[in-house]
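Taking it in order: structure first as structure tokens, then the write-up.
All of the numbers you see were taken from the coordinates with simple rules; none came from a lab. These numbers come from a predicted model, not from an experiment. No Cβ is skipped: glycine too gets one built from the backbone with ideal geometry, and neighbour counts run over all protein chains shown.
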Amino acid sequence: MSVNVQADSSKPAGSGPNPYSDCGIGAALFSNTGWAAVTSNVIWDLGSTAITSATASPETCSGKNIKTALFIRDTYTQLVEESAAGDGMHLKTALNLVECGEAQQSNAIQAVRSEMGAALSNADYQGKTHLEKSSDFYNVINKAAARHCSV
């Protein structure tokens, strides 16, 4: 596997995020516990997602992405129920976290509803862990926001 990384010469070497503790699903789940973030990232996918995040888009290693991931993890059951219904406070909050304006949320909700409906009907879905399901929902809501919201 080859990775092409461009260095930002305006910043000193090593000033970027630590990919294992500041990026990836580990940082989203354990933002205040570095060792747990590292462990989670390594267990999840040997840290490849965290490393990719740190090199390709270091701005995703903190801020709204972490808050969104934590919110989805903590309210996943409500989010799935509200997605099926096509409305709900948790769903709107998640869309607000990814900066989807109220005027655009209707189309984004329909996209989330459609994609989550397909995911839920997949035979492999029930065997997934809560963390895997939360990660899937995170990807779905970000995809819907990218398509239907001016983020």
query = What are the ³J(HN,Hα) values, in whole Hz, obtained from phi via the Karplus relation 6.51 cos²θ - 1.76 cosθ + 1.60 with θ = phi - 60°, for each residue of region 107-120 in sequence order, with x given for Gly and Pro?
reply = 5, 5, 4, 4, 5, 4, 4, 5, 5, 5, x, 5, 5, 5
query = How many nm separate the modelled label positions at residue 96 and residue 131, each set 7 Å beyond the Cα in the direction of the Cβ?
reply = 2.9 nm
remark   = Rounded to whole angstrom, the alpha-carbon centroid of region 127-151 lies from that of region 95-126 at a distance of 7 Å
